[in-house]
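Quick note: the coordinates plus some simple rules give every number you see, no bench work behind them. Bear in mind the structure is a predicted one, so any value in this text is a computation, not a measurement. Virtual Cβ from ideal backbone geometry, glycine too; neighbours counted across all protein chains shown.
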Amino acid sequence: MSKIDAVSKWIEYVSVKRKELGGHAICPFAAAASVEVIECNLSDIALNSDLNAEIIIFIVEDDISEAALLQSVSMLNMEQNEYKSEFKQLTPSL
């Protein structure tokens, strides 16, 4: 099974309504959300307006360090105007 297929199956799993949860799904929004799963190198990730899904999951190489991943996520977040303005409100001294 490919990594993309595994993520799709996981989304299906968390979307199932469960008796033990009072008829609710683990994630009630997963089934209704538009999801795009992209497998690529971490260095190739670019967030742009061509990605119209509500949820975007990037599958990256397995041999990167946690620190490298967190640094890349931080850099991508700072490229987003919404995130930057919220971040500046939380940290006015920057």
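How would segment 1-51 be classified by its alpha-carbon gyration tensor: rounded, prolate or oblate, with rounded meaning a/c under 1.5 and the a/b versus b/c comparison settling the rest?
Numbers: a/c = 3.77, a/b = 2.06, b/c = 1.83.
Prolate shape, in that a/c is at least 1.5 and a/b is the bigger ratio.
Which value, in debye to the nearest 20, describes the size of the charge dipole of segment 1-62 about its Cα centre when Lys and Arg Cβ atoms bear +1, Asp and Glu Cβ atoms bear -1, and nothing else is charged? Mind showing how you got there, number by number?
Details: 5 positive and 10 negative charges, 105 e Å.
Its charge dipole is roughly 500 debye.
How do MET75, MET1 line up, fewest other C-beta atoms within 10 Å first? Could you put the intermediate results ahead of the total?
Numbers: MET75 10, MET1 7.
Result, fewest neighbours first: MET1, MET75.
Would you mind calculating the gained length between ALA32 and MET78 on full extension (0.36 nm times residue separation, minus the Cα-Cα distance), in nm to one decimal?
On the way: separation 46, 0.36 × 46 = 16.56 nm, distance 2.80 nm.
13.8 nm is the gain from fully extending ALA32 to MET78.
Can you list the HN-Hα couplings for segment 31-43, worked out from phi with the Karplus curve (6.51, -1.76, 1.60; θ = phi - 60°), rounded to whole Hz and with x for Gly and Pro?
These are the phi-based 3J(HN,Hα) values: 5, 8, 6, 7, 10, 10, 10, 10, 9, 7, 6, 4, 5 Hz.
By the scheme Lys and Arg +1, Asp and Glu -1, what is the net charge of all other residues having a beta-carbon under 12 Å from that of GLU39?
Here the count lands on -4.
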